[in-house]
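S.K.: Dropping the structure in here first, questions after.
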Amino acid sequence: MIDIFTTGGTIDKVYFDALSEFQIGPTAIPDLLRENNVHVPHRVTPLMRKDSLELTDVDREKIRAAVAASEATRILVTHGTDTMVVTGRVLAGIEGKTIVMTGSMQPASVRASDAEFNVGFALAAVQTLPPGVYVAMNGMIFDPEKAVKDRAAHRFVQE
């Protein structure tokens, strides 16, 4: 069983109407997995619906507590990309679990989104990587201790 914890971020943003901007809506993950015929045993648990720039230390502790309390040894966390590595560093030290974080640069609800690929890639990564904390974005695996978001290039890089 893979536990999937959702926290919000761009991956879950939706466009409400012509006069508004994107806002974080209900998690897109269950629909995305169903539409892509994913049958790996999993459970999706929404923890919060926040842009990662709005996450606090209390929020990060809530994520850490949920991951640590999970009986699953394989955990996927969807997260906003702006502070994904910060939360990844908070999750470091949880023993005996493979924890993979992913998100997207474009909402899952838009056609040109990287969400579908990133979630599929992260699901493969969480099933094959040894215990530890990882960021899986755009076809690459990163150590959150050394990864940074390159805003200009719309991708992550290793320092």
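S.K.: From the set of residues in segment 40-72 that are of a type in the set (Asp, Glu) and either in contact with a Gly (Cβ under 6 Å, 6 or more places away or on another chain) or outside any loop (DSSP other than H, G, I, E, B) (or both), which is surrounded by the fewest Cβ atoms within 10 Å (Cβ to Cβ)?
M.R.: 57
S.K.: Another question, then. Taking interchain pairs and intrachain pairs at least six residues apart, which have beta carbon atoms under 8 angstrom, with the first residue in segment 81-96 and surrounded by fewer than 19 Cβ atoms within 10 Å (Cβ to Cβ) and the second among the β-branched types (Val, Ile, Thr) and part of a loop (DSSP other than H, G, I, E, B)?
M.R.: Qualifying pairs under 8 Å: 96/73.
S.K.: Kindly list the number of the only condition in (1) of a type in the set (Val, Ile, Thr); (2) in contact with a helix residue (DSSP H, G or I) (Cβ under 9 Å, 6 or more places away or on another chain); (3) within 20 Å of residue 46 (Cβ to Cβ) that fails for residue 135.
M.R.: (3)
S.K.: Within segment 84-96, identify whether any single residue is outside any loop (DSSP other than H, G, I, E, B) and either small (Gly, Ala, Ser) or touching an Asp or Glu at 6+ places or on another chain (Cβ under 7 Å) (or both), and answer yes or no.
M.R.: yes
S.K.: Oh, and also: Conditions first: (1) of a type in the set (Val, Ile, Thr); (2) at pLDDT 95 or above; (3) outside any helix (DSSP H, G or I); (4) over 12 Å from the mean Cα position of the chain (by Cα). Residue 75 passes all but one, so which condition is the exception?
M.R.: Condition not satisfied by residue 75: (4).
S.K.: Moving on to the next point. Does residue 128 fit the bill of being touching a Leu at 6+ places or on another chain (Cβ under 7 Å), among the hydroxyl-bearing types (Ser, Thr, Tyr) and more than 15 Å from residue 7 (Cβ to Cβ)? Spell out how you get there, then give the answer.
M.R.: Numbers: touching a Leu at 6+ places or on another chain (Cβ under 7 Å): no; among the hydroxyl-bearing types (Ser, Thr, Tyr): yes; more than 15 Å from residue 7 (Cβ to Cβ): yes.
No.
S.K.: Can you name every residue in segment 111-139 that is in a loop (DSSP other than H, G, I, E, B), in contact with a strand residue (DSSP E or B) (Cβ under 9 Å, 6 or more places away or on another chain) and closer than 21 Å to residue 53 by Cα?
M.R.: 114, 138
S.K.: Could you tell me how many of the residues in segment 116-139 are surrounded by 14 or more Cβ atoms within 10 Å (Cβ to Cβ) and out of contact with any Asp or Glu (no Cβ under 9 Å at 6 or more places or on another chain)?
M.R.: Number satisfying all stated conditions: 11.
S.K.: Report, by residue number, each residue of segment 27-46 that is closer than 15 Å to residue 9 by Cα, at pLDDT below 90 and of a type in the set (A, V, I, L, M).
M.R.: Once the filter is applied, which keeps residues that are closer than 15 Å to residue 9 by Cα, at pLDDT below 90 and of a type in the set (A, V, I, L, M), segment 27-46 yields only 28.
The values are calculated or read from the model by the stated rules, or taken from the named source; none is laboratory data. Note that this is a predicted model, so its numbers are computed, not measured. Glycine also receives a Cβ, built like all others from the backbone with ideal geometry; neighbour counts cover every protein chain displayed.
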